[in-house]
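Here is the structure we will look at.
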Amino acid sequence: MVCTPWILTFLLIAVASQSQETPELEKKVHNQKIFIDTLNNFRRQTANKLRIAYMHELIHNYTTVFKNLKSYTSTYSKKSETYRGTAIGHGVSEDIIQYLSPLQQKVRCIKVENGLKCFLGPIKERAWWYYSNGEPGSKCDEGFYNDFGLCSRIVPPLILFNLETLEAQNQFYDHIRVMHERRNDERDPFEREEQTRLIDEAIIERNHRLYRKSWNYFDTHFMSEERLAEYAESVYNTMEVGKFTFNTGRGIHSPNGEPAIQNRLLNMFQGRPRCDVRIDEYNEGLVILERW
């Protein structure tokens, strides 16, 4: 979608400044993906026009709560007057300049009485405008790549299973089930503990063999809760900026139907600084751990 400053000015001023909703506006913002694509296209155009080296793609994040952060309809007195003037000199409306902060990576819009109010994150300072000359897209954060001047997120390849890999997976799960039965029948507590360790290590080894490290993905099925907690903590401690996916399942086969491992992960990382943990929006069996 090609976006001119005038078109985006209409969209963002109408949406972010809480103007009265109209059928035309409702039609434009009904599909949030189209709205965010429009915004990202304008961010790319601005990065190329002003030679901003690290203008990042915005993605919708409905779970993030931006506490003590005014919406982007507020004033921005601490923003650099020099660079604000530069942007306005290139045709960027003063009303929408706040949506062009290059380091922001998330956007969330909430419905208010007369329209929508939008917030950006994860930067929470009031000085929202960051700027330095450079080749557009040349200073992207880790986990992003240069997409014609916009720093877009690297999406791990889909994990596809053909009949051969599916059969291998079922064979592995059958093997793990046998190991679980053997452990459950064992009366010696030390031997039970050793069987648990062997199960956990087999699952970890299979993950490391099957999924590339760069995919940031781990299948927790059949793993003990305590060992998974240790593994997740090690993931957290070695992460910088990025996202990691744990396939926990939905707890359908867990005692009482409670997703114990999923709940453990959520409780472990909830509230940690510069960290977000959540259940995936489209798959309730995935837990997303993200750091910034």
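With a cut-off of 12 Å between beta carbons, the residues surrounding Thr245 carry a summed charge of -1, where Lys and Arg count +1 and Asp and Glu -1. This model, with +1 at the C-beta of Lys and Arg and -1 at the C-beta of Asp and Glu, gives segment 163-291 a dipole about its Cα centre of some 440 debye. The largest-to-smallest principal axis extents of the Cα set in segment 223-289 are 35, 27, 18 Å.
Between the listed residues Tyr173, Leu198, Pro259, the Cα displaced farthest toward the positive end of the dipole of segment 163-291, a dipole computed from Cβ unit charges relative to the Cα centre, is found at Pro259.
Computed from the C-beta positions of Asp280 and Ser234 and an R0 of 25 Å, the FRET efficiency is 0.70 to the nearest 0.05. Stretching Phe172 away from Asn48 to a fully extended chain increases their span by 39.6 nm, per 0.36 nm per residue minus the current alpha-carbon distance.
Could you calculate, for segment 171-239, the ratio of the Cα radius of gyration to the Kirkwood radius, expressed as Rg to Rh? Display every interim value, and only then the final one.
Values: Rg = 13.1 Å, Rh = 13.0 Å.
For segment 171-239, the value is 1.01.
A simple count of charges around Asp141, restricted to other residues whose Cβ falls under 11 Å of its Cβ and scoring Lys, Arg +1 and Asp, Glu -1, yields -1.
Computed with the Debye formula from one identical point scatterer per Cα of segment 163-291, without solvent, the log10 of I(q)/I(0) at q = 0.11, 0.14, 0.17, 0.22 Å⁻¹ comes to -0.42, -0.67, -0.97, -1.44.
Counting only other residues whose beta carbon sits under 14 Å from that of Arg278, what net charge do I get with K and R as +1, D and E as -1?
Details: positive: Lys106, Arg108, Lys243, Arg272, Arg291; negative: Asp276, Asp280, Glu281, Glu284, Glu290.
Summing Lys/Arg as +1 and Asp/Glu as -1 gives 0.
Since every read-out is calculated from the coordinates, none of them should be taken as a lab result. In this text, all values refer to a predicted model and were calculated from it rather than measured experimentally. We place every Cβ from the backbone using ideal geometry, glycine too, and count neighbours over all the protein chains shown.
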